[in-house]
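Peer 1: Before we start, here is the structure in question, set down as structure tokens.
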Amino acid sequence: METGYTVADLKEIYDSGLIAKEVAKIANISSSLLLKWFRKSGYGTRSPRTQYIVNEDYFKIIDSEEKAYWMGFIWCDGYVGTRIRRGRAKESWFELSLNIFDKPHLEKLNSAVSSNYIIKEYSATSSKSKNEFKASLRIFNKKFCEVLIKEYDFVPQRTDIEKLKRKIPTSLAKHFIRGLIDANGSIVNFYDNGKNKEDVSVQLSSRSEELLQYVQDHFIEEGILNTYRKIHKSTNSECMYIIFRGLKQTNRILKYLYSDSNCYLDRKYKKYLDALKVYDRRELFFAKKLETAHTKVSI
């Protein structure tokens with residue numbers, strides 16, 4: 001029987017959380033035939049009572065720190081896919097894949113959206129590494145995906161943020177921006193040889209110039225920045241980026257985004273804590289310098 005799917009395709013869909021009856025309906029076959037194919041191919045099956053769940057309306061309204069943060073994070077790294085057979089969309093899924101070291105972050109997202117979908121580990125090849133180990137969360141739920149697409153224009157290679165801006169309350173924007181930084185940004189502590197001092201930089205990359213402008217607009221409105229920074233174009237990709245440098249400026253930005261926060265990528269939060277140590281050392285340096293100056297004057 002011609003279904004347009006291989007048995008491996010159907011097993012992948014089945015493993016994502018759908019029950020046999022749902023997978024069989026997608027392939028336009030009976031569930032008994034589907035299970036027969038699985039057995040002949042040596043594929044195991046789970047109990048029919050095992051079903052996967054997710055809060056389909058989680059992103060319908062952004063009304064909490066957690067939702068704002070996750071929208072920022074998945075806006076950068078998330079993906080909504082659709083399988084099309086014979087000109088018709090058969091199923092949709094949301095996917096977020098991260099480095100294997102960030103698997104705990106996927107577990108946080110899974111918990112946030114009240115999901116029990118399985119986070120899988122796999123090895124992938126890339127231009128930078130032949131063996132890049134990743135973890136991936138796939139949520140096969142049509143309504144969950146429809147909310148992302150209809151409410152936020154969550155499409156591949158997205159750059160339009162008009163709907164996104166309307167959905168993110170100003171009071172929660174910093175959490176959304178922290179999600180962006182955690183997903184597509186960097187916090188770098190370095191030693192500036194020219195100035196002979198420690199320094200910190202914060203960078204954010206995006207395909208959307210409008211998104212980078214939105215971030216700067218918010219920082220200006222909140223008094224975190226005094227002037228706009230140049231938006232640079234990457235020479236080897238379609239991405240653009242902004243860089244914030246200087247201890248005073250980055251100190252304001254990082255404390256605004258991460259101080260008293262509850263949602264964050266653990267390794268980025270560690271970078272924030274490392275940056276605080278740089279600021280503390282710099283303050284101690286100036287305090288000692290001022291003390292020495294006062295001592296000389298009194299003498």
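Peer 1: Within the set of other residues whose C-beta is less than 15 Å from the C-beta of residue 32, count the net charge using Lys and Arg as +1 and Asp and Glu as -1.
Peer 2: +4
Peer 1: For each pair in 11/167; 233/270; 108/150, compute the distance between the two Cα atoms and list the pairs where it is over 30 Å.
Peer 2: 11/167
Peer 1: Now, a different point. Work out from phi, with θ = phi - 60° and the Karplus expression 6.51 cos²θ - 1.76 cosθ + 1.60, the ³J(HN,Hα) of each residue of segment 228-241, listed in order in whole Hz, and give x for Gly and Pro.
Peer 2: 6, 9, 5, 8, 8, 9, 5, 7, 10, 7, 8, 6, 10, 7
Peer 1: Apply the Karplus parameterisation 6.51 cos²θ - 1.76 cosθ + 1.60, with θ equal to phi minus 60°, to every residue of segment 24-30 and state each ³J(HN,Hα) to the nearest whole Hz, in sequence, with x for glycine and proline.
Peer 2: Couplings: 4, 5, 4, 8, 6, 9, 7 Hz.
Peer 1: Related question: Please identify, among 35, 257, 276, the residue showing maximal mean-square fluctuation in a Gaussian network model of the chain using a 10 angstrom Cα cutoff.
Peer 2: 35
Peer 1: Among residues other than residue 261 whose Cβ falls under 9 Å from its Cβ, what is the net charge (Lys/Arg +1, Asp/Glu -1)?
Peer 2: In short, 0.
Peer 1: GNM on the chain, C-alpha springs below 10 Å: top fluctuator among 131, 110, 251?
Peer 2: In the Gaussian network model the winner is 131.
Peer 1: Related question: Out of every Cα-Cα pair in the chain, what percent are more than 26 Å apart?
Peer 2: Value for the chain: 55 percent of Cα pairs lie more than 26 Å apart.
Peer 1: Just want to confirm a number: the relative contact order over the chain, from Cα pairs under 8 angstrom separated by 6+ residues, in percent.
Peer 2: This gives 16 percent for the chain.
Peer 1: Same structure again: Can you flag which of 174/277; 163/248; 248/271; 197/277 are past 25 Å Cα-Cα?
Peer 2: 163/248
Peer 1: Then there's this: Between residue 45 and residue 267, what is the label-to-label distance in nm when each label sits 7 Å out along the Cα-to-Cβ direction?
Peer 2: It is 4.0 nm.
Values quoted throughout were computed directly from the atomic coordinates according to the rules given, and no laboratory measurement underlies them. What you see is a predicted model; the values in this text were computed from it and never measured. Because the Cβ atoms are built from the backbone with ideal geometry, glycine has one as well, and the counts that use them run over all protein chains shown.
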